[in-house]
Every structure is written in C-alpha cells, then in structure tokens.
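These notes concern the structure reproduced below.
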Number of protein chains: 2
Amino acid sequence: MENILLKNIVIEGIESDILIEGNIIAGIVPSSASDLSCDGEVVDCKGKTAVPGFVNMHTHAGMSMMRGIGEDIAFHEWLDRIWKVESAIDEDYVYHATKVACLEMIKTGTTTFNDHYWHMPMAHKAAIELGLRPVLAYVICDRNDPAESERQKDQCVGMYEEAMKWKDQSLFAIAVHAIYSVSEEMILWAVRFAREHGLRIHIHLSETKKEVEDCMAQHEGMSPVEYLDSLGVLGPDVIAAHTLWLSDNDIRILGERGVNCVHNVNSNLKLASGYRFLYNELRDAGANICLGTDGCASSNNLDMLETMKTSAMIQKAWRGDPSVMPLDEIMDMVTVNAGKALGLPIGKIEAGALADILIVDTENYNFLSPGSFEANLVYSAHSDCIDSVICNGRFIMRNRVVPGEKKILAEARGVLSKLS
Amino acid sequence: MENILLKNIVIEGIESDILIEGNIIAGIVPSSASDLSCDGEVVDCKGKTAVPGFVNMHTHAGMSMMRGIGEDIAFHEWLDRIWKVESAIDEDYVYHATKVACLEMIKTGTTTFNDHYWHMPMAHKAAIELGLRPVLAYVICDRNDPAESERQKDQCVGMYEEAMKWKDQSLFAIAVHAIYSVSEEMILWAVRFAREHGLRIHIHLSETKKEVEDCMAQHEGMSPVEYLDSLGVLGPDVIAAHTLWLSDNDIRILGERGVNCVHNVNSNLKLASGYRFLYNELRDAGANICLGTDGCASSNNLDMLETMKTSAMIQKAWRGDPSVMPLDEIMDMVTVNAGKALGLPIGKIEAGALADILIVDTENYNFLSPGSFEANLVYSAHSDCIDSVICNGRFIMRNRVVPGEKKILAEARGVLSKLS
C-alpha cells in the first residue's frame with residue numbers, strides 16, 4: 001500500500017499536511033511549518049477541507065434497489081411489499097445491490113457502515129471490492145421456529161469462522177433482528193456467542209409504538225428495553241437501532257448500560273413511526289448516540305449529510321428550541337461516537353487514527369458565507385461537495401469519480417431486470 | 001431567440017419530442033411518431049426525463065451569503081445578528097448575493113422565484129442576467145413611522161413605473177412585510193395600489209405563535225388572518241408565507257378567499273417556529289398550497305427538492321400517517337399550484353406553456369429501482385441529478401455548467417470580504 005501525503009488541507013481552520021502511512025494517519029503538521037515528506041503519492045489539497053469519514057451506524061445496504069417501491073402507503077402494506085420483493089432475491093442480487101449501496105455511500109462521504117442484511121458474505125465481497133470499511137453482521141431472525149434456530153446457530157458459527165479468515169478492514173458482528181422476531185432462547189444464545197468472541201451486537205429496538213405495546217402485553221408489563229435488560233443483553237457492546245419509544249426508565253437503563261443508540265430520522269419520519277427521538281435525555285443519561293439512514297426501502301437514500309441536517313431540524317422543532325442538537329454534537333454523532341460504539345480508532349483526524357478522510361471542496365455557493373465550515377457543511381451543502389474520499393489509507397473516490405461506477409450500475413440493472 | 005427541439009426525452013413515462021419556439025412550448029409528440037423539426041438547436045435527450053422547472057414561492061434571495069451566521073441560538077438572538085448584517089449591506093451586496101442565489105437556484109432546478117428583499121432593482125438585474133424568471137416585490141415595511149410610510153409610497157410608485165418598462169420575463173409584485181411591521185394605513189394603501197395595477201401581494205402571515213398572540217392582544221382578539229380579512233386584504237392575489245399558526249376559523253377564511261399559502265418547512269423547523277403545518281386542512285378548505293425555502297439565513301439553502309422531501313416527511317410523521325402528502329401533491333405544489341398563484345402558464349410541460357423545463361439525468365444509483373420517477377426524484381435523489389435547465393425558452397444550465405459561475409463566486413467573495 002502506497003503512502004499518501006495530503007498537502008495544504010484545512011483541518012479545524014488550519015492549513016495542514018497529513019501523512020498517511022499504510023492505513024494509519026502517521027502525522028499532521030501545520031503546512032507553514034511542515035517538513036513531512038512521503039515516498040508515495042503527494043496530493044495538493046489547497047482550498048479544500050478535511051473531515052473524518054462519516055459512519056452510518058444502521059443500514060441494510062442490500063435494499064439499495066428497493067427505493068420508492070412502497071410510497072404513501074400504510075406501514076403494514078409497505079412491509080408486505082418489501083417481503084414480497086425480498087422473497088425473490090438471492091446472493092447475486094445482494095452482491096450487486098450492496099455494490100450500488102457502497103457506490104452511493106462513497107459519493108455521500110460514508111467510509112464505515114454498520115450493515116444488517118441477508119447473504120452477508122456477498123455484502124462483504126461488495127464492500128471490500130469498493131474499499132469501504134464494513135461492519136457485517138450475521139442476522140439472527142428465527143421467528144420462534146426451533147428448527148430455524150438450530151440452522152441459524154450452525155450458520156452463525158460457520159460465518160464467524162469464515163470471518164476470522166478475513167484479512168481486511170471488515171468487522172464481524174452479530175445482529176439480533178428484534179425482540180418480536182427472535183425467540184428468547186435464541187437471543188440469549190446470540191448474545192452469549194457475541195460476548196465469548198468479542199463481537200458487537202446489533203438490534204432493532206423500540207422502533208414503533210406497537211413493538212412496545214406488544215412487548216408489554218407479552219412480558220408482564222416490561223418494555224422492550226426492560227425485557228432485554230432483564231435478560232442481561234444491554235451493555236456498551238450493543239448497538240440499538242431506533243430507540244424511539246422510550247419511558248423514563250428505559251432511558252435510565254440505556255444510559256446506565258452505556259448502550260449505543262442509533263437515531264434513523266428519515267426512516268422514522270417517512271414511515272410515520274414517530275418523530276420525538278429523546279436525544280437530550282439519552283445523552284444526559286449516558287447513552288452513546290449515533291446516526292443511521294436505515295435501508296433505502298424506508299429512508300430512500302444513504303446520505304448521512306441529509307440525515308444529520310434532518311435530525312437536528314426535527315429535534316429543534318419538536319422541542320421548540322433552536323439551540324438543541326448543536327453542530328459539534330451532530331458532527332460527533334457521525335464520527336467519534338460511532339468510533340466509540342464500534343471500538344475502532346475512526347472518526348478523528350489525528351495521528352494514530354485509521355485513515356478515513358473526506359476531502360471537501362468549499363469553492364462553491366454553499367460555503368460562501370461568514371458561517372462556520374460545519375454550519376455550511378451540515379445545513380447548506382449536499383454530498384456533492386465531497387470531492388474525494390480516503391478509506392483505510394486508500395483513495396476510493398477522486399474528484400467525484402469512483403472507479404467502475406458505470407459497470408456497477410449496468411450490472412445491477414441487469415440483476416434488477418431479471419426480477420421484474 | 002433560437003428555437004429548440006428536445007428529442008427522445010421522457011415525459012410522464014413516454015419518450016417524446018418537445019419543440020420550443022421562442023419562450024413557449026409549441027408542441028409535444030411521442031418520439032416514435034414525431035415529425036417535429038426545428039430551424040434552431042436540436043438536442044438529443046435520450047435516457048433523460050423532463051419535469052417542469054420548480055417554483056420557489058417564498059424566498060429572500062439577497063440573503064444567500066448569510067447562511068450559517070446564526071446557528072444553534074434562540075430566535076431573537078438570531079434576528080439581532082441578521083439585522084446587524086443587514087444594516088451593513090448595500091445595492092452592490094444585494095446584486096452579488098442575488099447572483100449567488102440565482103446560481104444556486106439554477107443548479108437545484110428552480111426556474112421561478114418569488115422574492116422579497118431590499119434593493120429590488122439589483123435583484124432584477126441579477127436574475128435577468130442569469131436568465132431566471134423572478135417575481136420581484138417592492139417591500140413595504142414602515143414600522144409605524146408615518147414619514148417612512150410616505151417615503152415608501154413614493155418609492156413604490158416609482159418602482160412600479162420602472163417595472164412597467166421591463167421588457168423581460170420578470171413579474172412585479174407588492175410585498176407587505178407583515179402585520180407587525182407595517183401600519184394599518186400602509187397595508188390598506190399597498191393592497192389598494194396592488195389591486196389597481198393587478199399585482200400580486202406577498203406577505204409573511206402567522207409565522208410564529210408570538211405573532212398570533214400579539215395580534216390578538218392588539219386587535220380585539222382577532223388572529224392575523226382574521227385581522228387581514230377584516231381589512232379586506234385576503235384574496236386569490238395574496239401569497240401568504242408560512243401560515244403556520246392557524247385556528248379553524250383562519251383555515252376557513254384562507255380557503256374561502258382562495259389565498260395562496262406557502263409552506264417553508266426548513267425555516268420553520270430550524271428556527272423552531274413550529275412543525276404542524278395544517279396541509280390537509282388548508283387544502284380541503286380551498287387554499288392553494290405552494291412551497292418555499294425562505295432565505296438562506298434561516299433554511300440555509302434554496303434547494304426545492306430538499307424542501308419537497310422534508311415537507312412530506314414531517315407531514316407524515318406528525319400526523320402518524322405515511323399516506324399523507326402523496327407524491328403527486330408534492331409535485332403539484334412546486335409546479336402547477338405555483339403557476340396558479342402567480343397567474344402564469346408555468347409548472348406544466350404542455351403546448352402553450354412557458355418553456356421552463358428541467359432535464360433530469362436518471363442514469364445513477366438514485367433512480368436504479370422499480371420505484372416511480374417521482375419517488376426517486378423527491379425521496380432519493382439530490383439536485384445534482386438535474387443535468388440541464390431551460391427557462392423562458394433558453395438554456396441557463398447545460399450539463400451542470402452555468403456560464404460565468406466562477407466569476408459570480410469570485411465577485412461575491414470580494415463583496416463579502418469588504419463587510420467583515
């Protein structure tokens with residue numbers, strides 16, 4: 001792997017040189033005093049600004065070709081349509097759909113994504129081919145069928161053994177679909193397996209009001225959070241997607257256990273799941289809060305900048321207070337908080353961190369104001385301001401060109417046309 | 001003006017040829033049966049889709065360089081900052097800031113904008129230079145100062161006389177800033193003047209809870225809508241921005257009078273003005289509903305696609321019903337409804353309409369799904385899918401290039417640096 005020296009790039013207001021050795025940021029020095037040199041590629045980034053690659057902490061990449069298939073209809077009708085499409089897909093579909101998702105993520109500045117989908121080895125192949133940093137879960141979803149449980153246990157162990165042979169930047173995780181789709185026995189097995197092997201646990205939690213009501217009816221008045229806590233599931237290795245319908249006690253538990261809560265604002269709004277994500281309360285209780293897009297079937301794209309803007313705007317609006325979820329916290333949720341959740345040195349541009357860097361072009365109308373870089377990035381700009389992307393020490397987009405883009409789209413179109 | 005023939009462009013699912021003669025759409029024929037010819041430019045649009053140019057029904061273009069200057073602070077602190085900046089600006093600033101706004105509008109698919117700002121002749125110059133279709137108001141805002149009233153009356157008459165000499169696609173209108181910033185005598189004068197001359201009346205109305213409460217305290221319990229109605233102001237020639245805090249009686253009045261109500265979702269969310277825009281109720285009562293971005297100081301950009309997506313998502317979320325504000329209504333609000341509000345044959349691609357057309361590139365991941373074109377345009381894509389823009393029968397952007405873009409930004413940067 002060739003070393004890279006980025007020259008004259010603005011970091012937190014200071015023009016700096018960044019030396020990348022292998023997949024690590026080796027050094028950062030103000031350009032005016034820099035003596036950094038490099039035996040690899042030297043790139044002049046004059047006029048551009050560096051930010052850490054964004055982390056999408058909850059998505060289903062394989063759903064990238066399902067956008068728009070269920071618009072303006074009620075949740076259960078929507079779910080029926082998704083399931084009908086999903087019944088027809090195979091490994092080949094997931095491989096190509098994940099490549100499309102990766103292409104979109106690169107173009108919108110995501111370098112790490114926490115994925116939750118079927119045919120995971122295909123998602124792994126796709127993500128590595130495109131150079132992203134994927135977190136890939138084996139998805140457990142037995143629907144209370146003991147035979148299915150046994151099959152999934154075997155498959156999960158097999159996938160773990162395969163994953164241990166990976167020699168790349170991928171992280172293997174365990175996904176427990178949700179409390180309503182996985183048996184208690186299987187939840188306990190999955191969590192034990194994950195903890196024995198030091199794996200993150202990725203779960204949908206308290207996404208809809210119905211999930212909470214059904215849980216309380218089934219589990220002696222316990223909410224989904226209380227129920228999982230009673231099983232010993234919750235801890236700082238748990239990444240809980242949605243956490244939208246929470247009681248005060250739920251918030252206290254999520255905070256005390258240091259759970260990573262992932263807000264997926266666009267999905268929640270569009271499916272009308274709810275809009276009052278309890279950001280302030282969860283943060284103050286001690287939970288670690290990150291952001292995600294959910295899959296394209298619900299949120300319709302994988303754009304983290306859009307997610308950041310909408311998250312903050314809704315939070316300000318429903319609380320009636322424009323000062324909540326300020327810019328530094330929005331930036332933290334898609335960078336350092338995500339690094340903490342995954343236990344990876346990502347989300348910071350500093351010596352020793354993994355080299356996941358966005359090179360942002362500010363020579364356009366979105367940045368032409370006395371406002372701060374972060375204000376213009378989050379509230380004014382779109383992802384097309386992201387000129388180039390480095391992930392794990394390698395350029396995966398340069399000047400908005402991702403190698404092989406046309407071929408990825410053409411092949412995916414071929415797979416899609418076979419389905420319809 | 002050279003005629004244009006667009007060949008093989010998809011309109012509502014059918015590959016068609018569009019002939020533009022002067023500034024008018026002269027004919028549309030399915031490409032398979034087309035014998036349209038043209039003595040001007042012939043453009044092959046194979047693989048692309050046509051949509052009507054978007055209409056931004058409420059903005060302050062001259063604020064384009066104020067994005068991000070007041071983030072995460074309370075409304076009145078924000079307003080103080082805006083006023084401080086505004087006290088320092090002049091004609092030259094507004095000219096260059098409006099050019100930047102026009103550049104952004106073109107790149108994001110807006111062809112007509114309903115503007116409300118100071119130094120209007122400079123906005124006129126800027127918009128015409130860039131080829132947009134502006135609606136330009138003389139802004140009345142006397143703050144109950146009789147001397148200022150007289151000065152503004154004279155200036156308004158003078159501007160009207162100037163505007164009558166315009167030989168371009170601009171429309172002149174009268175803006176009444178708001179009920180709290182314009183004296184009753186001046187409101188009546190402005191509305192009478194507008195109606196004598198067949199001009200649209202553009203007003204901020206019921207934007208904040210405080211505006212409503214203050215009005216009720218001052219005007220014997222009447223809401224801003226009731227107060228204006230008691231003065232005979234409300235009618236189908238009124239374009240009312242925001243209309244966010246409404247009683248049942250307000251909705252009835254706005255509907256019966258056929259008022260054009262402009263929802264500015266991003267501004268309302270970000271300033272925490274409110275989020276429960278009463279879309280269904282206003283539509284059912286008979287009001288004509290359009291969308292706007294407001295100025296860049298509050299919403300931070302002028303992107304109508306973003307406005308469309310956020311409007312629909314918030315509406316679905318707060319009502320708890322994913323079927324509300326369906327796609328066809330979102331499209332109507334930024335096209336035909338706006339044409340109706342302005343009394344212009346815009347917002348439709350049909351013979352006889354003004355030739356304001358967006359040419360959308362669908363050869364990318366945002367459109368790679370079995371979802372409808374509209375679903376992918378509104379919920380998945382960003383404005384960078386807009387390849388080319390025709391306004392008033394002229395290309396004002398081709399392949400994402402707006403002539404003179406770099407110069408516009410450089411000159412605006414020069415003006416901005418003099419201020420700080």
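The values are calculated or read from the model by the stated rules, or taken from the named source; none is laboratory data. Small disclaimer: the values here were computed from a predicted structure and weren't measured. Cβ placement follows ideal geometry from the backbone for every residue including glycine, while neighbour counts extend to all protein chains displayed.
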- Note on the structure: With the first residue restricted to the stretch B:192-221 and required to be in contact (Cβ under 8 Å) with a residue 24 or more places away in the chain, and the second required to be of a type in the set (Phe, Trp, Tyr) and part of a strand (DSSP E or B), Cβ contacts under 8 Å at 6 or more apart or on different chains are B:199/B:172
- Task: Can you tell me which residue within the stretch A:256-282, out of those that are within 14 Å of chain B (Cβ to nearest Cβ) and basic (Lys, Arg), is surrounded by the fewest Cβ atoms within 10 Å (Cβ to Cβ)?
- Result: A:276
- Note on the structure: Inside the stretch B:246-255, the number of residues satisfying the requirement of being buried (at least 20 other Cβ atoms within 10 Å of the Cβ) and under 21 Å from the mean Cα position of the chain (by Cα) is 1
- Please work out if residue B:48 is in contact (Cβ under 8 Å) with a residue 60 or more places away in the chain, more than 25 Å from residue B:182 (Cβ to Cβ) and assigned by TED's automatic domain parsing to the domain that holds residue B:383. yes
- Query: Quick check: is even one residue across the stretch B:109-132 in contact with an Asp or Glu (Cβ under 9 Å, 6 or more places away or on another chain), under 24 Å from residue B:309 (Cα atoms) and within 14 Å of another protein chain (Cβ to nearest Cβ)?
  - Reply: yes
- Task: Output the residue which, of all residues in the stretch B:313-329 that are at the interface with chain A (Cβ under 8 Å from one of its Cβ atoms) and in a helix (DSSP H, G or I), is surrounded by the fewest Cβ atoms within 10 Å (Cβ to Cβ).
- Result: B:319
- Query: Which condition number does residue B:381 fail, the rest of (1) among the hydrophobic types (A, V, I, L, M, F, W, C); (2) more than 9 Å from chain A (Cβ to nearest Cβ); (3) within 30 Å of residue B:330 (Cβ to Cβ) being met?
  - Reply: (2)
- Only residues that are small (Gly, Ala, Ser) and either within 9 Å of residue A:122 (Cβ to Cβ) or out of contact with any Leu (no Cβ under 8 Å at 6 or more places or on another chain) (or both): list them for the stretch A:89-104, please. A:97
- What's the number of the condition residue A:36 fails, among (1) in a loop (DSSP other than H, G, I, E, B); (2) more than 26 Å from residue A:363 (Cβ to Cβ)? (2)
- Query: Can you name the residue in the stretch A:258-275 that is without any contact (Cβ under 8 Å) to a residue 40 or more places away in the chain and assigned to a helix (DSSP H, G or I) and is also nearest to residue A:75 (Cα to Cα) among such residues?
  - Reply: A:270
- Residue check, residue B:101 against (1) buried (at least 24 other Cβ atoms within 10 Å of the Cβ); (2) out of contact with any Ser or Thr (no Cβ under 8 Å at 6 or more places or on another chain); (3) in a helix (DSSP H, G or I), all met but one. Which one? (2)
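Residue by residue, here is whether (1) more than 18 Å from residue B:299 (Cβ to Cβ); (2) at pLDDT below 95; (3) surrounded by fewer than 24 Cβ atoms within 10 Å (Cβ to Cβ) holds:
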{"residue": "A:363", "(1), (2), (3)": "yes, no, yes"}
{"residue": "A:375", "(1), (2), (3)": "no, no, yes"}
{"residue": "A:390", "(1), (2), (3)": "yes, no, no"}
{"residue": "A:405", "(1), (2), (3)": "yes, no, yes"}
- Selected residue (only one of A:70, A:47, A:40, A:62 is closer than 20 Å to residue A:383 by Cα and small (Gly, Ala, Ser)): A:47
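Per-residue answers, yes or no, for (1) at negative phi; (2) of a type in the set (Lys, Arg); (3) in contact with a strand residue (DSSP E or B) (Cβ under 8 Å, 6 or more places away or on another chain):
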| site | (1), (2), (3) |
| --- | --- |
| A:53 | yes, no, yes |
| A:57 | yes, no, yes |
| A:64 | yes, no, no |
| A:71 | yes, no, no |
| A:75 | yes, no, no |
| A:81 | yes, yes, no |
| A:85 | yes, no, no |
| A:91 | yes, no, no |
| A:94 | yes, no, no |
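Is it true that some residue in the stretch B:85-97 is within 12 Å of chain A (Cβ to nearest Cβ) and under 21 Å from the mean Cα position of the chain (by Cα)?
yes
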- Message: Quick check on my filter: what residues within the stretch B:345-363 are under 20 Å from residue B:43 (Cβ atoms) and part of a loop (DSSP other than H, G, I, E, B)?
- Response: B:349, B:350, B:351, B:353, B:355, B:356, B:362, B:363
- Report yes if some residue within the stretch A:103-121 is of a type in the set (A, V, I, L, M), modelled with pLDDT of 95 or more, touching a helix residue (DSSP H, G or I) at 6+ places or on another chain (Cβ under 9 Å) and farther than 22 Å from residue A:359 by Cα; otherwise report no. yes
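When the residues of the stretch A:1-25 are filtered to those that are acidic (Asp, Glu) and on the phi < 0 side of the Ramachandran plot, which remaining residue is surrounded by the most Cβ atoms within 10 Å (Cβ to Cβ)?
Filtering the stretch A:1-25 down to residues acidic (Asp, Glu) leaves A:2, A:12, A:15, A:17, A:21.
From what is left, the residues that are on the phi < 0 side of the Ramachandran plot are A:2, A:15, A:17, A:21.
Values: A:2: 13, A:15: 17, A:17: 24, A:21: 18.
Here the answer is A:17.
Residue-by-condition table, conditions (1) more than 23 Å from residue B:327 (Cβ to Cβ); (2) of a type in the set (Asp, Glu); (3) not assigned by TED's automatic domain parsing to the domain that holds residue B:10:
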residue: B:358; (1), (2), (3): no, no, no
residue: B:367; (1), (2), (3): no, no, no
residue: B:374; (1), (2), (3): no, yes, no
residue: B:378; (1), (2), (3): no, no, no
residue: B:383; (1), (2), (3): no, no, no
residue: B:395; (1), (2), (3): yes, no, no
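Mind listing whichever residues of the stretch A:283-312 are more than 14 Å from chain B (Cβ to nearest Cβ) and in a loop (DSSP other than H, G, I, E, B)?
Result: A:286, A:287, A:292.
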